[in-house]
Amino acid sequence: MKLKGLKDLQTLVSLCKRRGFIFQSSEIYGGINACYDYGPLGTELKLNVKKIWWDAMTLRPDIVGLDAAILMAPLVWKASGHIDGFTDPLVDCGNCRSRFRADQLKDPSKCPTCGVSGKMSEPRLFNLMFKTFMGAAEDTASVVYLRPETAQGIYVNFPNVQTTSRKKVPFGIAQIGKAFRNEITPANFTFRTREFEQMEMQFFVKPGTDMDWFEYWKKERIDFYAQYGFNKENLRFHQHKDGELAHYAKAAFDIQYNFPIGWQELEGIHNRSDFDLTQHQKFSGKNLEYFDEAAKEKYVPYVIETSSGCDRMLLAAMCDSYREEEVRSEDGGDKIETRVVLGFHPALAPVKAAVMPLSKKPELQEVCHQILKTAAAKKIKMDYDESGSIGKRYRRQDEIGTPLCVTVDFDSLTDQKVTVRHRDTMKQDRIGIDHLTKYTQDKLDNF
Ligand code: ATP
């Protein structure tokens, strides 16, 4: 069997639109640059991405969750360094007016759009935070920012969470939420957008133990991707060297993914030292030290951060699971056809099983609806599809990554059994309707 991976991002963009994973935002108005809407399947997939991350973080006793507001006191962003330092160097082409991030240009004197040399402006620093106004007055006193990262909501709540959850250091706080960055050059579909969701976890540790925890979290996070079926060859670490390190970081590694656009950051793992809590102590005037009762000592904890983008993880999961295969038609005969498969791990698959009657006869439809109802009661997301040949329906489900297809035929009415066809092997089993939900659950659990 011939097997091909994803050759370019455009192929995936078309699939996403065609099948209802991701649409351009405000499409009927011509779209708005770098904003995307998740359609029915994309919404399910995104919920699943969040769920596997949230479970990896919070199904352990030393991490708790938080859901902080997007709008925060403006002084937060002064303390964090975002007002003064969250900038990218912006250059304009004097000929075609295109804009670029200076640090992403191969040749800083030549415009990549029109090719003209010597017309590029000097770089000027552009702050990436979106501003808006709080209340009725639109003056400088009422400026607030849409958060550019979720992490600060965690730092400012450190004492609230620590005291109410009665956690002892080392412990972590996890959060999923929207972040906004007025990126100069958003591009590559949902890889870099202006509105996106982050999944961040800040782990508070005793100074001196930070590098051990840093190594621990590097391993945890790379193992996470392997656990959910990501191809190990598409993942690697990239260490931030001295020049690349952010102002707050003592050490930083990115987990990079081999996207069709090349190796790019998927997630960051940072040792942020005591920078953030110390800054917030300074600017708020509140004591953010931790009192270690056993050792009878006080200190400002160090923070190990794991910071990932939900949209970017979703994009990587789609790229990683995409494959094209040449197979024999499943409608019988010798015809060879290409099937596109999203070979998602079942925990990610938007639909776990598709239920299909062999024909549109009411007695077969009735059995299908009974199966769907039983599955829904067990919280297993199944879908119903009755149009086209069975082979075509299999192809449709392959393309959206559905692990199982369940066909109800005329024999089902007498033997109370259905045919279950497996996405990856295309093999079929005959299973009793009574056992179907359990069978499905077992297959999803033991992928
Ligand atoms: P870059 O240098 O590429 O701009 P960054 O290093 O500033 O990115 P972080 O601040 O570490 O990124 O953000 C953490 C994670 O959030 C990233 O690994 C990525 O998954 C996600 N992310 C950051 N910016 C965007 C964006 N504009 N669109 C989508 N996801 C993003």
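Readers should treat all values here as calculations from the given coordinates under stated rules, not as data from a laboratory. Predicted model only: the values in this text are computed from it and were never measured. Positions of Cβ are generated from backbone atoms using ideal geometry, with glycine treated the same way; all protein chains shown enter the neighbour counts.
Residue pairs, Cβ under 9 Å, 6 or more apart or interchain, first in region 269-293 and at negative phi, second of a type in the set (Lys, Arg) and buried (at least 16 other Cβ atoms within 10 Å of the Cβ). List them.
Every condition considered, the pairs that remain are ILE269/LYS218; ILE269/ARG221; HIS270/LYS250; ASN271/LYS250; ARG272/LYS250; PHE275/LYS250; TYR290/LYS206; ASP292/LYS206.
From the residues in region 238-273 that are of a type in the set (Asp, Glu) and farther than 25 Å from GLY172 by Cα, which one is farthest from the ligand (Cβ to nearest atom)?
Among them, the one singled out is ASP242.
Collect the residues in region 180-202 that are under 22 Å from TRP54 (Cβ atoms) and touching a Phe, Trp or Tyr at 6+ places or on another chain (Cβ under 6 Å), keeping them in residue-number order.
Matches in region 180-202: PHE180, THR190, GLU195, MET199.
Here are some conditions: (1) buried (at least 24 other Cβ atoms within 10 Å of the Cβ); (2) more than 16 Å from the ligand (Cβ to nearest atom); (3) not small (Gly, Ala, Ser). ASP292 meets all but one. Which one does it not meet?
Exception for ASP292: condition (1).
Out of the residues in region 134-154 that are within 19 Å of ARG194 (Cβ to Cβ) and away from the ligand (no atom under 16 Å from the Cβ), state the one that is surrounded by the most Cβ atoms within 10 Å (Cβ to Cβ).
VAL144
If you go through region 200-241, how many residues are polar (S, T, N, Q) and surrounded by 20 or more Cβ atoms within 10 Å (Cβ to Cβ)?
Within region 200-241, residues that are polar (S, T, N, Q) and surrounded by 20 or more Cβ atoms within 10 Å (Cβ to Cβ) number 1.
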